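Worksheet: one structure, shown below.
The values are calculated or read from the model by the stated rules, or taken from the named source; none is laboratory data. Here the structure is a predicted model, which means the values were calculated and not measured. Virtual Cβ from ideal backbone geometry, glycine too; neighbours counted across all protein chains shown.
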Amino acid sequence: MRRFSSCFRGAAVATLLAALSWAPAVAGKRIAFLKLTDPFWQVWVMDAGGGGATQVTRSARDKMRVSWFPDGRRIVYNATPGELWIADLKTLQETRIPIDMEGMTDGIVSPDGAWIAFSASIGGGVDNNDIWIVRPDGSGVRRLTDEKGLQHYPCWSAGGETLYYLSGEGKDDHDIMSLEIATGSSTQITAGSRYHFDLAVSSGGLMAFSSNRTGDYDLWIAGSDGGAERTLVPAPGLDGLPSWSPDGSWILFTSMREGSPALWRVRPDGSGLKRLTKSNARARGGVWEP
């Protein structure tokens with residue numbers, strides 16, 4: 001502080017230190033999330049510290065998973081009854097992606113914004129989904145997996161060359177898989193560890209997911225090969241839907257640890273745990289702006 005104290009004296013130094021102490025722990029990025037806004041789950045956006053929340057969508061349909069385009073202006077969301085929509089944050093216009101399919105879910109935008117991965121079934125069974133991709137304008141629909149059981153909740157690697165997803169056949173396990181898009185080669189990452197849900201992959205290649213292997217759904221972290229697994233801030237109640245900050249220094253997640261769904265933030269080492277949404281707001285599915 002010598003250089004500062006030579007220029008700022010007395011109250012000026014105190015003012016500077018106060019400003020620094022109140023600086024947000026995560027600056028410059030926003031969070032999109034779902035909030036129960038009677039009577040529907042709607043898309044909202046807030047700043048990284050939990051303030052300045054504004055409503056984005058107002059259409060009469062429940063929204064599910066949300067995902068940012070890299071331009072920071074548009075958001076993809078899933079809506080009942082199984083459709084993909086794009087919301088423009090500037091105009092607040094909502095546009096349905098024209099795809100001749102039913103029951104689409106889990107839509108997520110690729111890092112370059114060129115593709116949207118999603119889960120859907122062409123056989124009519126809710127537990128017979130595969131992973132698909134489509135252009136944001138509805139063109140180029142292509143199925144990437146053709147496996148037994150339920151393949152869902154795709155998640156892109158930072159470079160967009162790999163899709164991670166969840167796979168299960170209705171037994172007592174539900175595992176994490178990876179798919180190399182260029183070759184179509186898939187690899188099973190976890191096996192025999194009960195149910196895995198809500199997968200997210202950091203820019204550095206770490207996976208965060210929800211698992212009930214200890215009897216309660218807690219957050220876990222592992223390498224992208226499934227190694228070095230460890231649990232993160234376990235507590236009674238469901239923890240899930242993780243989202244990594246762009247630099248990998250924070251994990252946003254949804255927790256029921258205080259009774260109702262709320263957004264929380266924590267560092268990968270378990271420090272800095274903080275609730276971001278108010279106690280009277282039912283919020284879930286938060287994702288960082290890329």
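Remarks
- Filter pass, residue 9 being part of a helix (DSSP H, G or I), at pLDDT below 95 and among the charged types (D, E, K, R): no
- Flag if residue 25 is modelled with pLDDT under 50, assigned to a loop (DSSP other than H, G, I, E, B) and surrounded by 11 or more Cβ atoms within 10 Å (Cβ to Cβ): yes
- Selection count, the stretch 93-141, where residues are small (Gly, Ala, Ser) and assigned to a strand (DSSP E or B): 4
- Restricting attention to the stretch 110-121 and to residues that are among the hydrophobic types (A, V, I, L, M, F, W, C) and buried (at least 22 other Cβ atoms within 10 Å of the Cβ), the residue that is farthest from residue 247 (Cα to Cα) turns out to be 120.
- Of all residues making up the stretch 259-289, the number that are among the aliphatic types (A, V, I, L, M) and under 24 Å from residue 223 (Cβ atoms): 3
- Looking across the stretch 142-159 at every residue that is closer than 22 Å to residue 66 by Cβ and assigned to a strand (DSSP E or B), the one that is modelled with the lowest pLDDT is identified as 150.
- Checking each residue of the stretch 160-169 against the condition of being in a strand (DSSP E or B), more than 20 Å from the chain's Cα centre (by Cα) and among the charged types (D, E, K, R) gives no match.
- Residue 232 passes every criterion in (1) surrounded by 19 or more Cβ atoms within 10 Å (Cβ to Cβ); (2) under 28 Å from residue 147 (Cα atoms); (3) at pLDDT 85 or above apart from (2).
- Residues being surrounded by 19 or more Cβ atoms within 10 Å (Cβ to Cβ) and either more than 13 Å from residue 63 (Cα to Cα) or under 16 Å from the mean Cα position of the chain (by Cα) (or both) - total across the stretch 87-96: 1
- Of the residues making up the stretch 199-247, those that are part of a strand (DSSP E or B), touching a Ser or Thr at 6+ places or on another chain (Cβ under 8 Å) and polar (S, T, N, Q) are 211, 231.
- Test: residue in the stretch 173-187 that is out of contact with any Pro (no Cβ under 9 Å at 6 or more places or on another chain), crowded, with 19+ Cβ neighbours inside 10 Å and among the aliphatic types (A, V, I, L, M): yes
- All positions within the stretch 54-75 that are in a strand (DSSP E or B), in contact (Cβ under 8 Å) with a residue 60 or more places away in the chain and either of a type in the set (S, T, N, Q) or closer than 16 Å to residue 136 by Cβ (or both): 65, 66, 67, 68
- Inter-residue pairs, beta-carbon under 8 Å, first farther than 18 Å from residue 165 by Cβ and in the stretch 110-124, second among the charged types (D, E, K, R) and surrounded by 13 or more Cβ atoms within 10 Å (Cβ to Cβ), 6+ apart: 114/135
- Annotation: of all residues in the stretch 202-222 being surrounded by fewer than 22 Cβ atoms within 10 Å (Cβ to Cβ) and aliphatic (A, V, I, L, M), the one that is farthest from the chain's Cα centre (by Cα) is 222.
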